[in-house]
Amino acid sequence: MKAPQTHSLDRRHFLKTTGALVAGTVAAAGLAGCASETAPAATTDQFWLPEAWNEEHDIVVVGFGAAGVSAGIAGMKAGADVVVLEAAPRELRGGNSGVCGGGWICPTDVEGYADFLYRLNLQRDDRQELVEFSQTLSGMVDWIEELGIDYMDTKRAGFNFYPKEFHEMAPTMNNSLKGVAKTGMEHHAMADADGNQAMGGKYFYEPMAKIYEGMGGAVLYETRGRELVQDPRTREVLGVRAEGPDGADIFIKARKGVILACGGYEASPELTQEYIRACMDIAVTGSPFNRGDGVLMAQAAGARLHHMDCIEWQGYGARIEPDSEVNGRVGTSTNWHSEPAIIMVNKYGHRFFREDMRMGHTRQFPGVEFLGFADSTDTINDWAGAPAYVIFDQTRFAEGAGNFYGGKDKLAMGWFGQHELYQWSDDNSQELASGIIKKGETLEELAETLGFIGVTEFAEEVARYNGFVDAGRDEDFGRDPEKMVKIETGPFYGIEVWPSLLNTQGGPKRNNTTCRVVDYDGNEIPRLYSSGELGSQFGLVYHGSGNTTEAVMTGKVAAEDAAALEPWDAA
């Protein structure tokens, strides 16, 4: 098909600002239904439309993770013509769904689960909305069984990732969860060939992707959604402007609706600095293709954003490919909390938290406090643990990969691990040669090699820690004495690591029964849907394995609702 002509500046500017232009100028009454009541055509050209569409489909889904693939399957089952746009290449598909732990939940007590979420969200959300959300998620087992996907019951009634070490730091949260014994949900996972739980989101995601492909479902890989095409008179979303593999514009008409299923904003430095921590470099252990595109597209269309402060810290990770355009933002998923023979220090050479703390899926995170020494260090990037440094000695180095990143064979979790993009060497030699691990014959030499501001202070800190090991008590941070090993045998080694995000939960707010996106007045934006982590209902504290279910079920609901609409271009 012949490509459309390039937009004029006026047309491109208009598309980017449509949401702002129409706010307060278009009556919302009657616009949330199926077919639009299109106003008479203007005497001038309908300049919000592209000069030509490259493709036309009933439903356009942006993102091919669990939300996008579920939407694709459900839309096709409902008789709709569906296309999915995916920013990543085929071999890296799956988004966060493909690199997560792979477990999923299903509410068995709708009211009970809603109450549990009400507490986890610190009562910041409307409880009736949580009931509707719980009802939507409760169909998960039925949907998975309808698709013929095998799974296993893990016999776990539900849980949350709220580390006990943070209780004293957040008494409000501790009180909110006090006395909670039932969560109203059951937990499931995929099984491997031996009948054991398969750890990794790809074991859940890939069977769904193969179902969609087997149905003849279309996916445009390396195609990034960039803007929504929206009628300023009715606010209806009519299609998507995407960037193809060569960077050229591709205009895709959505006759019935657009479903944004493209994840959060964890890989966007601009958005993480806006909503999480200013002037701090944050790594990603989830998908580096989650660059906030859905947030920006929905916001431009007039959507209300919510839960933008709800994030999932994953831990400290080393950057394997710091110079890569895509993987450069990715950090490894780590197991430092299970490593007794290391300490972690900041650039001033000081320990700053108990290293045996489990950091996955936590709301609060050690090292993201601003120190305020910018004047003395001539830098504004002065956070307590950004970056941080993992320190160990020759004895630990000689033991090999160990638990540094999930085992000797491969990085168990996260982007690099689940996609098997990097394998840590058994003897650490590869990492030493590449510079991931740095070496010093003495502690002072290591400090200088790592660029520490406090060289002498670092040596003193190690000596202090070794004294705690001898005494059997960590007087500074309360680390478990059984997880403390002295650092005393040179040479000494260090790995620069960065605070990392697994995912963000914020984005456009949606109706939990239809997944239609709403504006700040609660009015639905016609033909626009969101699903998955983009606008998630999960709040300040995330319980394990909830995002997978949310992605699958909100994708399904959105596609079924969109498939029932009348085309906006119907004669």
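The values are calculated or read from the model by the stated rules, or taken from the named source; none is laboratory data. The shown structure was predicted, so the numbers you read here are calculated from the model rather than taken from an experiment. Cβ: placed from backbone, ideal geometry, glycine included. Neighbour counts: every protein chain shown.
What to note about this one:
- Residue check for I487: over 27 Å from the mean Cα position of the chain (by Cα) and not in a helix (DSSP H, G or I): yes
- Index of the failed condition, E146 passing every other in (1) within 17 Å of G555 (Cβ to Cβ); (2) buried (at least 18 other Cβ atoms within 10 Å of the Cβ): (2)
- Positions within segment 80-131 being of a type in the set (D, E, K, R) and either assigned to a loop (DSSP other than H, G, I, E, B) or crowded, with 23+ Cβ neighbours inside 10 Å (or both), in sequence order: D81, E86, R93, D109, R124, D125, D126
- The set of residues from segment 297-338 being more than 29 Å from P89 (Cβ to Cβ), modelled with pLDDT under 90 and surrounded by fewer than 22 Cβ atoms within 10 Å (Cβ to Cβ) comprises H337, S338.
- Residue match in segment 526-533 (condition: farther than 22 Å from G95 by Cα and in the same structural domain as A67 (by TED's automatic domain parsing)): yes
- Of all residues making up segment 498-525, the number that are under 28 Å from K253 (Cβ atoms), assigned to a strand (DSSP E or B), touching a helix residue (DSSP H, G or I) at 6+ places or on another chain (Cβ under 9 Å) and of a type in the set (A, V, I, L, M, F, W, C): 2
- In a residue-by-residue description of segment 247-256, the property of being without any contact (Cβ under 8 Å) to a residue 24 or more places away in the chain, small (G, A, S) and either assigned to a loop (DSSP other than H, G, I, E, B) or on the phi < 0 side of the Ramachandran plot (or both) applies to at least one position.
- Any hit, segment 438-450, residues being of a type in the set (S, T, N, Q) and under 32 Å from the mean Cα position of the chain (by Cα): no
- Pick from segment 526-550, criterion of a type in the set (S, T, Y) and assigned to a strand (DSSP E or B), ranking: surrounded by the most Cβ atoms within 10 Å (Cβ to Cβ): S530
- Cβ separations smaller than 6 Å between residues 6+ apart or across chains give the following pairs from segment 420-431 residues that are on the phi < 0 side of the Ramachandran plot and in the same structural domain as V330 (by TED's automatic domain parsing) to residues that are modelled with pLDDT of 85 or more and assigned to a loop (DSSP other than H, G, I, E, B): Y422/I320; D426/G400; D427/G400.
- Qualifying residue in segment 563-570 (condition: within 23 Å of N96 (Cα to Cα) and touching a helix residue (DSSP H, G or I) at 6+ places or on another chain (Cβ under 6 Å)): no
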